[in-house]
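Written out below as structure tokens is the structure these notes cover.
The values are calculated or read from the model by the stated rules, or taken from the named source; none is laboratory data. These numbers come from a predicted model, not from an experiment. Using ideal geometry, Cβ is built from the backbone for each residue, glycine included, and neighbour counts are taken over all protein chains shown. Only protein heavy atoms, including side chains, enter the accessible area calculation; ligands, DNA and RNA are left aside. Shrake-Rupley method; radii C 1.70, N 1.55, O 1.52, S 1.80 Å.
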Amino acid sequence: MSAKVLLVDDDPNILEGFKRQLRKTYNIATAVGGAEGLTMLKSEGPFAVVVSDMQMPNMSGVEFLSKVREQDEHIVRIMLTGNADQKTAVDAVNEGEIFRFLNKPCPTDQLIKSIAAGLDLHRLVTAEAELLSKTLSGSVRILTQVLSMTMPHVFGLGQEARNLCREIATRMAIEPLWQIEMAAMLMRIGCVSLPQELLKRHLQAETLSDSELKLINEANQRSYELVSAIPRLLEVAEMIREQLADHPPPSSRILRAVSDYQRFCTSLQPLQAVKLMAKKTEYDPVVIDHLLNVIESMFQSHSLEVSQLAEGMVFEENVTDLDGRILVAKGIEVHASMIDQLLRFKKTGRGVKEPLLLRSFAQKTQQQ
């Protein structure tokens, strides 16, 4: 079905007239007044274009379109008004960020052209959003999976960090999620330049000297420089850099809390690690509360054999062969190629020590 268009006016007769004129051209829905329009957005959406009258009781067109933008910034917004004064136009543009401002009565052909232009813009905007949120983040995920095989003690934590950051950001209503997920996967990329012994001690949350802490901070800056060089990822890079700022934004506070939580988990159980962080003043207590809730409610532990592995699970212990040699490090997320490798390795003389201890999000487990 074609993208949907929502028409909003306080006069049902006007809406019926629009519907008769446009229903053969577009997939039209109508709502009487702003309140009903907002309800329609949630119950009948998604919509690509919203056309609203300006002069409506209880909620003006400017107020309504502003709320539309808050619900979904990708919806293209068009305003119709019979009161085309300068202040109305300025408020509509500044508060509602409208795409077109049309005078009533509006000729049908002009309205059709404006809606067509709005649909074209919506296709461009959503295509770009999909490119960034799926294609680019998918590429980064593959990159971190490859890196996790060469430096598992560093990049094996990336997928778990991504999951945790996404869940916390969702609970805090922070968007866009794809940027936070990508920052979580890439925030340690600058660590590749650190001395291995220092990196190991840092990831195990050991006490470091001032000079060593300086090197860690420089690695964070290096992560910013590397990520900011990738087209369209400057905001992601800023999230990474701002972790160590005096007044970091919420997204960066999430990254820092998750990063340190993973380090504390090298010597503590997950709940112990979060409760320890709750006593420290350097973490946002709201973020810590959400992290604790995620750990308590979203993770389930599993004791499985290799044949029972599923993508998205995270190893809670190192996977070893029968002689105790590490095959996969703790914290790495299971993916299809890894399952194939472990199944093949199990058939060799060295074998795989089973059962394997893993954790996964409860919602993923229910789907399996």
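Observations on the structure shown:
- Condition check for residue 317: at pLDDT below 90 and either touching a strand residue (DSSP E or B) at 6+ places or on another chain (Cβ under 6 Å) or of a type in the set (S, T, N, Q) (or both): yes
- Of all the residues in the stretch 164-190, those that are over 9 Å from the mean Cα position of the chain (by Cα) and either β-branched (Val, Ile, Thr) or within 18 Å of residue 286 (Cα to Cα) (or both) number 6.
- Tally of residues being acidic (Asp, Glu) and part of a loop (DSSP other than H, G, I, E, B) across the stretch 204-230: 1
- Members of the stretch 270-315 that are among the β-branched types (Val, Ile, Thr), in contact (Cβ under 8 Å) with a residue 24 or more places away in the chain and part of a helix (DSSP H, G or I): 286, 287, 288, 294, 295, 306
- Take the conditions (1) in contact (Cβ under 8 Å) with a residue 40 or more places away in the chain; (2) surrounded by fewer than 20 Cβ atoms within 10 Å (Cβ to Cβ); (3) in contact with a helix residue (DSSP H, G or I) (Cβ under 7 Å, 6 or more places away or on another chain); residue 46 misses just one of them, which is (3).
- One residue from 193, 209, 223 being within 20 Å of residue 246 (Cα to Cα), open to solvent by less than 70 Å² (accessible area, probe 1.4 Å) and either at pLDDT below 90 or among the small types (Gly, Ala, Ser) (or both): 223
- Some residue of the stretch 268-278 being touching a Lys or Arg at 6+ places or on another chain (Cβ under 9 Å), closer than 16 Å to residue 163 by Cβ and of a type in the set (Val, Ile, Thr): no
- Residue that is without any contact (Cβ under 8 Å) to a residue 24 or more places away in the chain and part of a helix (DSSP H, G or I), where the choices are 162, 141: 162
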